[in-house]
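Below: one structure, written as structure tokens.
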Amino acid sequence: MVWKPGPDGLTALALMTWAVWLTVVVLRLMATTRYLGQPGGVIALHEYLGFIDKFRSETPLYIPGDLHGFHYLPVMLMIGTPLSFVDIQLAGALFGILSAVLFAFSVVRLAQQITPDTPFASAGLMLAISTTTTVMALYLLQMQMLMTAAMILAAVAAMEERPRQMAVWLLVAVALKPLAIVMALLAAVVVPRTRLPLLLGIAVLLVLPFAVRSFSYMTTEYANYIRQLSHITDAVPGAWDDQTDISTLLVALGLDLAPGVRLLLRLAAAFGTLVLSFRITALRNAKATGLALLVLATCYIGLFNPRQENVSFLVVVPSVAAIGVVMLSRDLADWRGGVWLGLAALIGTKMSMAHGGWIFPSIMIVIWAGLVALMASPGRWVSLIAGLPASELRPRMAESGDRARAKAV
């Protein structure tokens, strides 16, 4: 027997979840804005403004042998420059409001794709599950929330079969925070029509700073950036503040791998992620492909990014929660949906540094096991996300393939 939520239940769910999330956002932004007006405390926004000043004066941005400092593309400083023209409290309020609004908008757009009959209730549930990570994002005022929103909107564009729009959102995400390159690379490989826009767009992002800073300064900074990224990749697990990736879990298990072995592990995981993406994309279902690229990219970041911290799991939560929402939207009695929502909520829970180094990646291992189980059979994933009975899947996929070939001709 399939249990479906009634209209009154959906309305109550939407009102309750949206009220919880909006209340948390307002209270957190008020507290953060007050904090910005006090002397002494330093959060990411202070650091961004400091690096904007360094960029203006052509002072070094990247320190090759340091694990801390600036890890974004120089173009991000150009995007953030307007924040340096106003009072820091106003800058924080504007930055936080923009982050929350774009994030909520992206989640609503995702919900419209995966549960078109109940978008606002589904979006509210995903936002409520993201509450703890939202609190941390609005406390730190990093680019994490904006990057995540742009990646979600890129996935929505893929679901709507708008590859150029997908490429634009991915370029926005990369410009804000380079971690989004994971999804950009996946898209470039498995969605051919995004390749040229992404290639040209990334070239523009890299070249643009040369228009406002000297050639020698920019070439030196890019060279130092490459050295810094290499140093981060080779760093001893746990040396980074709050680091929580696959290497910290392995160290907790007594496996302290050499830098080269850790790199091979990440490359092997990237290859596996690419294989899953290819197999799902081959069935030519836009909705299934878009969500697959989002969840695979964000979960790869969550487990295999050597810079992953236990305060930066916002990027993982919405896509994992989306899987649970899809399952529960079809049958409230489907316990698997509750498990996926539970994993999304758990990964977003703030834990102490003493335990985060192994707890967070352990949860990510469980999530990855679930993803592999869902995606190992591409038809099963497409059937789940597209809402097609298994008996209709192959014929409809064949029709989709025929249409694609006709367009090519």
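Roughly what angle does helix 259-281 make with the longest principal axis of the chain, taking Cα atoms, 0 to 90 degrees, to the nearest 10?
Once rounded, one gets 40 degrees.
How far apart, in nm, are the 7 Å Cα→Cβ label points at ARG56 and MET30?
Simple spin-label model gives 3.3 nm for this pair.
Between the helical axis of 119-129 and the dominant principal axis of the chain, each derived from Cα atoms, what acute angle in degrees is found, rounded to the nearest 10?
Result, in degrees: 50.
Can you tally the net charge around MET78? Count Lys and Arg as +1, Asp and Glu as -1, for every other residue whose Cβ sits under 12 Å from the Cβ of MET78.
+2
Using +1 at the C-beta of Lys and Arg and -1 at the C-beta of Asp and Glu, which of VAL174, LEU185, THR32 has the Cα lying farthest in the positive direction of the dipole of the chain?
My answer, from the dipole projection, is LEU185.
If the elastic network links every pair of Cα atoms under 10 Å, which of GLY260, GLY80, GLY238 fluctuates the most in the Gaussian network model of the chain?
Evaluated over the chain, the most mobile residue of the options is GLY260.
In terms of the Cα gyration tensor, with a ≥ b ≥ c the square roots of its eigenvalues, is region 187-285 rounded because a/c is under 1.5, prolate because a/b exceeds b/c, or oblate?
Numbers: a/c = 3.21, a/b = 1.11, b/c = 2.90.
Verdict is oblate for region 187-285.
How large is the charge dipole for region 220-342, taken about the Cα centre, if only the Cβ atoms of Lys, Arg (+1) and Asp, Glu (-1) carry charge, to the nearest 20 debye? Show your work: numbers first, answer last.
Numbers: 9 positive and 9 negative charges, 122 e Å.
Rounded to the nearest 20 debye, it is 580 debye.
Which residues' amide hydrogens lie under 5 Å from the amide hydrogen of GLN243, considering only partners 5 or more residues apart or on another chain, with H built in the peptide plane?
Amide H neighbours of GLN243: none.
Expected output is a single nm value to one decimal: the length gained when fully extending between GLU161 and VAL236, i.e. 0.36 nm times separation in residues minus the C-alpha distance. What is it? Can you show the working numbers first?
Working: separation 75, 0.36 × 75 = 27.00 nm, distance 4.24 nm.
Going from the current span to full extension adds 22.8 nm.
If you average the alpha carbon positions of region 178-198 and of region 306-384, how far apart do those two centres end up, in angstrom?
23 Å
Using the beta-carbon distance between VAL20 and ILE365 and R0 = 25 Å, what value does 1/(1 + (r/R0)^6) give for FRET efficiency, to the nearest 0.05?
0.30
Can you tally the lysine pairs in the chain where the Cα-Cα distance is under 28 Å and the two residues are eight or more apart, or on different chains? Write out the running numbers ahead of the final one.
On the way: LYS4/LYS287; LYS54/LYS177; LYS177/LYS287; LYS177/LYS350; LYS287/LYS407.
Close lysine pairs under the 28 Å cut-off: 5.
With r as the distance between the Cβ atoms of ALA252 and ILE226 and R0 = 30 Å, compute the FRET efficiency 1/(1 + (r/R0)^6) and round to 0.05. It would help to have the intermediate numbers written out before the result.
Working: r = 30 Å, r/R0 = 1.01.
Approximately 0.50, to the nearest 0.05.
Can you compute the modelled spin-label distance between THR11 and ILE97, with each label point 7 Å from Cα toward Cβ, in nm?
In this crude label model, THR11 to ILE97 measures out at 3.1 nm.
Relative to the first principal axis of the alpha-carbon coordinates of the chain, what is the inclination of helix 7-36, with its axis defined by its Cα atoms, in degrees from 0 to 90 and to the nearest 10?
0 degrees
Once the other residues with Cβ under 14 Å from the Cβ of SER312 are scored (Lys, Arg +1; Asp, Glu -1), what is the net sum?
Working: positive: LYS177, ARG307, LYS350; negative: ASP241, ASP242, ASP245, GLU309.
The answer is -1.
In sequence order, what are the phi-derived ³J(HN,Hα) couplings for region 182-197 according to the Karplus relation 6.51 cos²θ - 1.76 cosθ + 1.60 with θ = phi - 60°, rounded to whole Hz, with x for glycine and proline?
4, 6, 4, 5, 4, 4, 4, 7, 9, 10, x, 6, 8, 4, 5, x
A short reminder: the numbers here are calculations on the coordinates, not readings from a lab. Treat the numbers as computed from the prediction; the structure is a model and nothing was measured. Here the Cβ is made from the backbone with ideal geometry for all residues, glycine too, and neighbour counts use every protein chain on show.
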